[in-house]
Structure formats: structure tokens, C-alpha cells
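Report on one structure; see the data block that follows.
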Amino acid sequence: MLLRLKITLVIVSLWSAISCAADNYSVHPAALAVVDELVEEQGFDREELLLVFASAQRQESILTAIARPAEKSKPWYEYREIFLNDKRLAQGLEFYAEHRATLERAERETGVPAEIIVSIIGVETYYGRIAGSYRVIDALSTLAFDYPPRSEFFTSELKSYLVLTRQQGFDPLSLKGSYAGAMGYGQFMPSSFLNYAVDFDGDGVTDIWNNPVDAIGSVANYFREHGWRKDEIVVTAATVEGEVPGQWFVKGRKNLKPAHTVAEFAGAGVIASQPVDPEAMVSAMEFELKDGYEYWLGFHNFYVITRYNHSAMYAMCVYQLSQRLAEGDKG
């Protein structure tokens with residue numbers, strides 16, 4: 001009992017000392033509300049949580065980044081060059097060769113092609129090379145408590161983060177990610193980690209930061225859980241005849257989910273360039289080139305890729321990089 005009392009006094013003293021530092025969240029009302037909720041509903045230790053929030057630092061650069069006005073989207077012919085280049089392909093082939101056995105097992109078990117898994121990791125973090133330099137606790141605390149427009153979302157993600165670090169035995173002050181709190185090779189948000197990350201090597205820990213085996217299995221599981229259909233078509237090129245109403249095409253995050261059949265699009269003037277099931281549900285995309293446009297029809301699996309990032313151009317880059325990886329020399 002005396003030892004426990006001494007430990008408690010040390011913790012309280014340390015918390016008090018840390019809380020005197022500027023820009024932490026030890027006495028922030030919203031942070032204390034999160035502490036109350038996690039203690040009451042999840043059985044967390046209050047003193048430990050207070051220590052965490054006393055160490056969490058408000059990051060002005062995060063607030064600047066997330067509040068920055070959205071720049072005009074790059075046209076397709078510029079956007080694709082960011083991801084479809086020789087460097088990303090070469091490093092992807094190296095990653096593929098190094099982790100071939102894991103990728104092949106992930107494909108067997110989930111039905112998700114190995115090249116799609118590699119492509120996602122390549123687009124997200126250059127195969128783990130650029131996974132973010134912010135402490136996740138700082139990013140999520142800053143956005144939860146000092147960014148009102150999305151406070152509810154980031155507060156939920158912060159709670160998920162604290163749950164997952166306790167669940168996995170991680171130090172919540174040590175893990176790093178993006179300015180928005182995305183983590184690891186595949187840039188999972190904490191809620192996605194809890195729902196889709198897997199311990200793919202069976203060592204008892206799900207580590208998507210340092211363990212590419214778990215990262216590969218987790219990306220594959222994400223796609224499986226979002227409904228990837230093995231061996232089904234992803235996209236087909238299309239041609240356009242006549243004036244097609246603009247609302248028939250994907251616009252930003254709108255119309256990503258297939259809502260019309262191939263036959264219906266053909267009737268409107270968007271015609272598949274290869275034989276496909278006329279009753280298949282698809283979405284239509286118009287991508288800007290330097291001297292015109294190119295047109296595509298996206299099937300169910302294309303929509304699944306957009307569940308990772310709600311952008312048709314993102315999904316097309318992932319798919320086209322995956323095709324280059326599939327065609328390349330993987331060793």
C-alpha cells in the first residue's frame with residue numbers, strides 16, 4: 001500500500017510539473033472530458049491519461065496546414081506524374097521482390113492482387129519511406145481541441161488512438177504519422193487501425209509503422225472488408241459520342257459509387273472501349289489532358305479503391321501504378 005501511494009505521488013508530481021509547460025492539454029476542458037469518458041467507459045487509468053495530455057503539444061504548423069485553403073485541383077496530366085514515375089515504379093518493384101512471399105499470401109487469403117497492395121503503400125508513403133514526422137498524439141490533440149470545424153471527428157480518432165495504443169502496448173507519446181494523424185506504411189487513421197489492421201505475422205502485435213508484414217496484411221484486409229471482388233475488372237477506357245450531360249461524370253467526391261449500368265452510359269454516349277457486361281454498374285470519369293480529355297468507366301473494384309481515398313484521380317493512379325508493377329520485373 002505504501003509503495004502504491006509513493007508511485008501515485010510520483011505520477012501526480014510529474015504530471016503537475018509537465019502541466020506547467022506551455023501549449024499542452026493537461027487542463028484543457030475538452031481534453032479532461034475525453035479523460036473522463038475513457039476512464040468511465042473504457043477503464044483507463046486517469047493519472048496515466050493526464051500524463052499523456054500533459055505531454056501532448058499544440059502544433060501551430062498542423063493548424064496552418066489543415067486550415068490552408070484548398071488549392072485548385074491539378075489536372076490529370078499533372079496529377080498522375082506525381083505517382084506514375086520511374087522512381088516510384090523502381091522502388092515498388094524492389095518492395096515487391098523483398099516481400100514477395102508475404103504479398104502472395106495476402107493475395108491468396110484476401111483475393112486482393114499483390115500489385116494493388118504494393119501500389120497503395122507506394123502512393124501513400126513511398127513504401128514506408130515518407131510516413132509522417134508528427135507525433136500522433138500531438139496531431140490528434142491539436143485537431144481535436146483547437147480545430148473546431150472537425151473537432152468531433154478528430155476527438156473520435158484521438159480516443160481510438162488511445163484505445164489502440166493501450167490494446168497493443170504502445171507508448172502513445174512515441175508513434176509518428178501525418179499532420180492529420182494518419183499512421184504507418186498505409187496511412188491508417190486510428191479508427192481504421194482498430195477496424196482493419198491485422199497481426200499478419202502472428203507475433204501478437206499489430207505494427208503498421210515498422211513491420212511491413214503487418215502493413216501488407218492490413219492493407220489487404222482493408223480492401224477485403226470494403227468488398228474487393230477477386231478477379232473482377234477495375235476500369236475500362238471509354239469513348240464519348242455527342243454531348244454527355246456533365247452530371248453523368250464523377251465530380252470530386254460525388255458520383256464515385258457506380259449508379260448506372262454500362263448500357264445506360266452507352267445510351268448517354270459514354271461507350272466502353274472493350275466488351276464488358278452491359279448490366280454491370282459503373283461510374284464515368286473525364287480526365288483532363290494537355291490537349292483534350294480521356295474517359296474511363298470504373299467498376300465495383302474501382303469504387304473500393306476510392307474508399308481508401310475519396311478521389312477518382314487517386315484511385316486511377318493506384319490502379320495504373322499497380323498495372324506497371326504487375327508488368328515489371330519483380331525479381
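Near D171, within a Cβ-to-Cβ distance under 15 Å, what is the net charge of the other residues, with Lys and Arg +1 and Asp and Glu -1?
Result for the neighbourhood of D171: -1.
With θ set to phi - 60°, apply the Karplus curve 6.51 cos²θ - 1.76 cosθ + 1.60 along region 136-145 and write out the HN-Hα couplings as whole Hz, x wherever there is a Gly or Pro.
Values per residue, Gly and Pro as x: 4, 4, 5, 4, 6, 5, 4, 6, 6, 9 Hz.
For region 182-265, calculate the relative contact order in percent as a whole number, restricting contacts to Cα pairs under 8 Å that are 6 or more residues apart.
Dividing the mean separation by the residue count of region 182-265 yields 20 percent.
Quick check: the distance between the Cα centres of region 36-57 and region 138-215, to the nearest angstrom?
16
Mind running the shape call on the chain? Use the C-alpha gyration tensor, a ≥ b ≥ c as the square roots of the eigenvalues: rounded below 1.5 for a/c, prolate if a/b tops b/c, oblate otherwise.
Prolate, since a/c reaches 1.5 and a/b exceeds b/c.
What does the net charge come to around I130 if you take all other residues with beta carbon closer than 14 Å to its beta carbon, with K and R at +1 and D and E at -1?
Around I130, the charge tally is +3.
Is it possible to state the helix-based mean residue ellipticity at 222 nm for the chain, with each DSSP H run of 4+ residues giving -39500 (n - 2.57), the sum divided by total residues, to the nearest 500 deg cm²/dmol? What is it?
Numbers: 15 runs with 174 residues, N = 331.
Theoretical 222 nm ellipticity from helices: -16000 deg cm²/dmol.
Between region 300-331 and region 74-93, how far is it from one alpha carbon centroid to the other, in angstrom?
About 12 Å separates the Cα centre of region 300-331 from the one of region 74-93.
Based on the alpha carbon coordinates of region 117-208, what radius of gyration and maximum Cα-Cα distance (Dmax) apply, in Å?
Final numbers for Rg and Dmax: 12.9, 40 Å.
Could you tell me which of the pairs K230/K257; K74/K230; K74/K251 are separated by over 20 angstrom between their Cα atoms in the structure shown?
Too far apart for the 20 Å limit: K74/K230.
Calculate how steeply helix 100-110 sits against the longest principal axis of the alpha-carbon atoms of the chain, using the helix alpha-carbon long axis, and give the answer as 0 to 90 degrees to the nearest 10.
It works out to around 80 degrees.
Show the residues, 5+ positions off or on another chain, whose built amide H is closer than 5 Å to the amide H of F44.
Amide H to amide H, under 5 Å and 5 or more residues apart or across chains, F44 pairs with V39.
Please compute the modelled spin-label separation between L173 and A237, points set 7 Å along Cα→Cβ, answer in nm with one decimal.
Going by the 7 Å Cα→Cβ label model, 5.7 nm.
How big is region 99-139 along each principal axis, measuring the range of its Cα positions in Å and listing the largest first?
Principal-axis extents of region 99-139 (Cα, largest first): 38, 18, 14 Å.
FYI, it's all coordinate maths here, none of it is from the lab. Quick caveat, the model's predicted, so the values are computed rather than measured. So basically every Cβ, Gly included, is an ideal-geometry build from the backbone, and we count neighbours across all protein chains shown.
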